[in-house]
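A short worksheet on the structure shown next.
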Amino acid sequence: QLPLALILSMLIGYITWLATANRMSFSWEINLGLASREFEVFCQPLLNARNLQCTGVELLLRWNNPRQGWISPEVFIPLAEQQNLIAPLTRFVLDETVRHLDMFPQSRDFHIGINVAASHFHNGEIIDDLKRHWFPSQAIQQLVLELTERDALPDVDYRVVRDLHGLGIALAIDDFGTGQSSLTYLETLNPDVLKIDKSFTAAIGTDAVNSTVTDIIISLAQRLGISLVAEGVETPQQAEYLRNHGVNVLQGYLYARPMPLKAFPLWLEGRDPP
Ligand code: C2E
Ligand code: CA
Ligand code: CA
Ligand code: CA
């Protein structure tokens, strides 16, 4: 007869082992995926709300994992953040951006949005990574770093923010209003842009509480002189509401879905011929 304590401790040991094995296999998968080029950067256009000219793109990662098929970033990004694997993924996006800069108009007014986890700001790591990628000085000024607040309240170093702005890089707070730290971020990040999360866009025209929150985010940004981008625009009604309330830039399936970088020049050409 095994004593209960022994059985329990064996059980706990087994569960711990399972958890570790699981974690190891995820990091192994990510590294393997990076090495065998399973990741691809897509881009989704952003449009000026008034004249619907394309003002930039957001870069979005896609993972075509041959062992499991397409894996959504909604799944692998949070896991990667938890397990300190987000920086290599961001570096991959930076690599691809530098390599494909000729897919985008070379104008300071054309913005290239890159999603960056707040943890990547720690110790200015993001600045070192940006410098290592040798962006042409023109291109570096086109970058907009979209900062997510998924990881609860990281202490964003004011000096990193200052240095990024010094390089001419703009900062956006992503998914504004969905995390716990939004209002603190307004002070520490001194953002150039607030991105209205698609859950708020979806609430427009409904009587959900979020519809009120959308209005409050808009007026907050306007009072602070921060530019507004709404994501997840799917209907003409949402677009009209956002435009009428002074939201500057719209992004969503109504205009374009995320596409491979190589498809972008053609999309742009088909839209507003030169
Ligand atoms: P996000 O930064 O909020 O990006 C917007 C998401 O909304 C994207 O999902 C985009 O495809 C989707 N979307 C755009 N328009 C519409 C629309 O009209 N309707 C609906 N329902 N969805 C729309 P995606 O590409 O699946 O990415 C999910 C999240 O994963 C992103 O949310 C971002 O937080 C994260 N992510 C993606 N790529 C990267 C990356 O390179 N680095 C980091 N750190 N995070 C990334
Ligand atoms: Ca984003
Ligand atoms: Ca986000
Ligand atoms: Ca979002």
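A count restricted to the stretch 60-88 and to residues that are in a strand (DSSP E or B), open to solvent by 20 Å² or more (accessible area, probe 1.4 Å) and not aliphatic (A, V, I, L, M) stands at 4.
Scanning the stretch 167-187 for residues that are more than 12 Å from ligand 3 (Cβ to nearest atom) and not in a strand (DSSP E or B) turns up 167, 168, 169, 180, 181, 182, 183, 184, 185, 186, 187.
Restricted to the stretch 244-274, and to residues there that are part of a helix (DSSP H, G or I) and surrounded by 17 or more Cβ atoms within 10 Å (Cβ to Cβ), the residue that is farthest from the chain's Cα centre (by Cα) is 268.
Every condition in (1) part of a helix (DSSP H, G or I); (2) touching a Leu at 6+ places or on another chain (Cβ under 8 Å); (3) open to solvent by less than 10 Å² (accessible area, probe 1.4 Å); (4) not hydrophobic (A, V, I, L, M, F, W, C) holds for residue 120 except the one numbered (2).
Residues of the stretch 139-166 that are at pLDDT below 95 and in a strand (DSSP E or B): 147, 148.
Here the stretch 188-202 is the region considered, the condition is being within 15 Å of ligand 3 (Cβ to nearest atom) and either in contact (Cβ under 8 Å) with a residue 60 or more places away in the chain or assigned to a loop (DSSP other than H, G, I, E, B) (or both), and the residue that is surrounded by the most Cβ atoms within 10 Å (Cβ to Cβ) is 191.
When we screen 50, 91 for residues that are open to solvent by 40 Å² or more (accessible area, probe 1.4 Å), in a loop (DSSP other than H, G, I, E, B) and at pLDDT 95 or above, the only hit is 50. Residue 128 fulfils the conditions (1) surrounded by fewer than 21 Cβ atoms within 10 Å (Cβ to Cβ); (2) in contact (Cβ under 8 Å) with a residue 40 or more places away in the chain; (3) more than 16 Å from residue 192 (Cα to Cα) except for a single criterion, (2).
The values are calculated or read from the model by the stated rules, or taken from the named source; none is laboratory data. Since we're looking at a predicted model, the values are computed, not measured. Note that each Cβ is placed from the backbone with ideal geometry, even for glycine, and that neighbours are counted across all protein chains shown. For the accessible areas, the whole protein counts, side chains as well, though only heavy atoms, and no ligand, DNA or RNA atoms are used. Shrake-Rupley method; radii C 1.70, N 1.55, O 1.52, S 1.80 Å.
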